[in-house]
Every structure is written in C-alpha cells, then in structure tokens.
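Below is one structure, written out as structure tokens, with a few remarks after it.
Just so you know, all these numbers are worked out from the coordinates, no wet-lab data involved. Source: prediction; values computed, not measured. Methodologically, a virtual Cβ is constructed for each residue, glycine included, from the backbone with ideal geometry; neighbour enumeration extends over all protein chains shown.
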Amino acid sequence: MTNSIADNLDAVRATLPEGVELVAVSKFHPVDALRQAYDAGQRRFGESRVQELTAKIPLMPPDTEWHFIGHLQTNKLKHIVGRVSMIESVDSLRLLGLIDDMSAERGVVSRVLMQVHVAAEQTKTGFLPDELLDWFAGRGFERLRATHICGLMGMATNTDDTARIDADFAAIADLRRRILAIAPDLRGFDTLSMGMSDDYPRAIAAGSTLVRVGTAIFGPREY
Ligand SMILES: *Cc1c(COP(=O)(O)O)cnc(C)c1O
C-alpha cells in the first residue's frame with residue numbers, strides 16, 4: 001500500500017526547518033488529490049501549465065494560494081495576472097515588462113521570482129547570473145510599477161552527482177547575495193525557491209526558503 005497524501009505531506013513538513021515554506025506541486029494531478037492536501041492543511045500549490053491552473057482555480061477553496069512555476073507564454077499571461085500569489089518563473093525581461101504592464105492595467109501588484117539558469121541542461125530556461133547582475137546594477141527594478149521581485153527561483157542539474165547539485169544551489173544563493181550587494185536598497189528580495197522532491201534537503205542546506213515538492217507528496221505524475 002502506498003502512503004496517503006496527508007501522510008506524505010506530514011513526512012515532508014517534518015523535514016522543513018523553521019522559515020522554509022512548501023509549495024505542493026500539483027501539476028498533472030487531479031483536483032481530488034489537491035483537496036486531500038488542502039484538507040491536510042496545505043494551502044500553497046504549484047502549477048506549471050496555464051490551462052490546467054485556470055481549470056483548477058474555481059474548483060478549490062478561495063484561500064488556496066497558487067504559484068505559477070512553468071514557462072509562461074506571453075499570450076497566456078492574461079489568464080493568470082491577478083489570479084496567482086506568485087509567478088516563480090519569470091525568465092525574460094520581455095515577460096517581466098508584460099507582467100508589469102498588465103498588473104498596472106488591472107490595478108494589482110504581481111509578486112514574482114526571477115528564474116536563474118545554472119543547471120547543465122540546455123532545456124532549462126532562465127536568466128544567466130550575469131544577465132541578472134547587469135539588470136539589477138542598471139536598477140531595472142526601479143522602472144517596475146506594479147511588480148514586486150521577491151527573489152530568485154532555480155533548479156539544480158538533474159544528476160546523481162551531489163557535488164554538482166550543491167554547486168548549483170550555492171551559485172543561486174550566492175547570486176542573491178551579489179544582487180543585494182549591488183542594490184542594497186532592494187526591499188523584500190528574500191525568497192530563494194530551490195529544491196524539488198529529490199534534492200530539497202540539499203537546497204535547504206544551501207539556503208532555500210521555499211521548496212517546490214510534487215512527487216514526494218502526490219506520487220508519480222501520469223503525463
Ligand atoms: C514539476 C516541478 C517541480 C516538482 O518536481 P518533483 O520532482 O515532482 O518534486 C518543482 N519545480 C518545478 C519548476 C517543476 O516544474
């Protein structure tokens with residue numbers, strides 16, 4: 001017998017130190033599974049596809065918090081601005097600008113994370129560390145009207161090489177410190193979203209404040 005979602009959630013929560021928050025990554029899982037997690041006290045869920053997210057929002061209680069964690073196509077932005085508590089996957093300045101414009105238009109403030117690319121895989125998206133350093137040095141954030149950059153999100157290389165995983169997480173954590181050194185007046189740039197089912201304890205050791213855990217809670221996804 002496999003464990004229940006509530007049991008899995010308890011087991012994951014038991015490993016999270018004070019100050020580390022959990023996004024239950026529910027992509028590809030039915031609303032029934034999200035309900036079980038909700039009933040076990042989980043309020044923050046992560047989804048990576050706009051259509052799936054917008055189908056689930058009306059089916060869950062209104063105090064459910066949604067984090068968007070997938071690559072966001074600009075033509076789908078209109079479906080999520082103002083409807084999610086955080087967009088973790090801002091991977092281009094064009095996307096950031098469009099989020100800001102739409103948020104201002106709609107009279108909302110969007111909370112976002114900048115996605116950093118440090119992993120070896122070419123398939124993963126995100127800014128290179130130097131691109132972000134340049135942008136923060138140029139104080140690009142001052143031009144945002146309705147977007148709050150809350151920190152960084154990143155993924156480690158998908159490998160069994162724990163030294164490489166640790167180096168990737170350390171690079172993301174270090175980038176946050178370097179950005180704060182360049183722009184010490186940056187407020188609320190506190191979130192480091194790093195760590196998934198297979199590597200979140202290593203991410204926490206490297207300074208993660210937000211882990212995105214799917215499989216360890218909901219079991220394997222059926223694509
Ligand atoms: C799917 C996904 C996760 C969760 O992965 P698990 O290995 O199932 O925990 C975390 N972050 C992102 C960006 C994802 O797309």
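Taking each residue as 0.36 nm, the span from ALA205 to ASP101 lengthens on full extension beyond its C-alpha to C-alpha distance by 33.8 nm. The string of couplings for segment 165-176 from the Karplus curve (6.51, -1.76, 1.60, θ = phi - 60°) is 4, 4, 5, 5, 5, 4, 5, 5, 4, 5, 4, 4 Hz, one whole number per residue in order, with x for Gly and Pro. Bridging of LYS56 to aspartates and glutamates at a Cα separation below 15 Å is possible for ASP32, GLU47, GLU65, once same-chain residues fewer than 8 apart are set aside.
Using only alpha carbons, the chain has a radius of gyration to Kirkwood radius ratio (Rg to Rh) of 0.95.
Given R0 = 35 Å, the distance between the Cβ atoms of ASP32 and ALA171 translates into a calculated FRET efficiency of 0.35.
Remark: segment 33-42, residue by residue, has Karplus-estimated 3J(HN,Hα) of 5, 5, 4, 4, 5, 4, 5, 8, x, 7 Hz, where x stands for each Gly or Pro and the curve is 6.51 cos²θ - 1.76 cosθ + 1.60 at θ = phi - 60°.
The longest part of the chain holding none of the exposed loop GluC sites (Glu not before Pro), meaning those outside H, G, I, E and B in DSSP with at most 16 other Cβ atoms within 10 Å, is 19-120.
Considering helices alone, the calculated mean residue ellipticity of the chain at 222 nm is -10500 deg cm²/dmol, with DSSP H runs of length four and up weighted by -39500 (n - 2.57) and normalised per residue.
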